[in-house]
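Report on the following structure.
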Amino acid sequence: MTAGELAQQLKARFGDLISAPVEFRGEFTVELSDAECVAEVCDFAKKQLGFDYLVDITSIDNYGADPRWTVAYHLYGYGHRCALRLKTRVSEEVSELPTVTTVWKTADWHEREIFDMMGIRFRNHPDLRRILMWEGYPFFPLRKDFPLAGKPSNVPEVAFTNSAPLEGGPFVTAAGGKSATAREPRVRPAETDDHPEIPQAAKEGK
């Protein structure tokens, strides 16, 4: 049984809810049109198609588009050694999905990280707490509208942050410039008068 054949079986079971499988470099992806059905689809994938290992759950911020979020479930079966990627989309207005911890217990930390970094909630998760940032932190650092330097915040008697200086990172890519060297991602601590985001050394290709 190949990954493509397993993806077709998933589509045969759920019909129009599942897109036609897309293959890219030997990997197969299907998209679920109704995010509310994700736990049911994952349960079938595990119990009937042998995808017994949840490798990861990842989230994508399609900032400026609607639906804003894409959530991808990366599945693998140790019995047949096939992998499958299942995607679904979530609007910013909803920002919530059913948990799949009822299917794979290891979804616990994956879902907590997405909640912490992107702000998507997982309904009926057994312990949906932040996993990297502290409780009460008001922002979601992996959203595309979150600045590279961060945002200042203050939770009395818990923690506080200030915006981080760019010296030492993160790397910034400067648009334009007369050479690839000037455009490459690098730490950019200095500023120039005409283009404050591009140091003079970078403009000269040094």
Across the alpha-carbon set of the range 3-161, Rg over Rh with Rh taken as the Kirkwood radius works out to 1.02
The alpha-carbon center of the range 54-99 and that of the range 2-43 are separated, in whole Å, by 12
For the range 80-154, the convex hull over Cα atoms projects on average to an area in nm² of 6.7
Among beta bridges assigned by DSSP with both residues in the range 3-161, the antiparallel ones amount in percent, to the nearest 5, to 75
One computes Rg over Rh for the range 28-73 from alpha-carbon atoms, with the Kirkwood Rh, and obtains 1.01
Ranked on Cβ counts within 10 Å of their own Cβ, fewest leading, Asp116, Asp145, Asp56 go Asp145, Asp56, Asp116
In the range 1-102, the trypsin sites (Lys or Arg not before Pro) that sit in a DSSP loop and have at most 11 other Cβ atoms within 10 Å of their own Cβ are Arg25, Arg81
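Bear in mind these aren't lab numbers, they're just calculated from the coordinates by the rules spelled out. Please read all numbers here as calculations on a predicted model, not as lab measurements. A quick note on method: Cβ atoms are made from the backbone with ideal geometry, for glycine too, and the neighbour counts reach across all protein chains shown.
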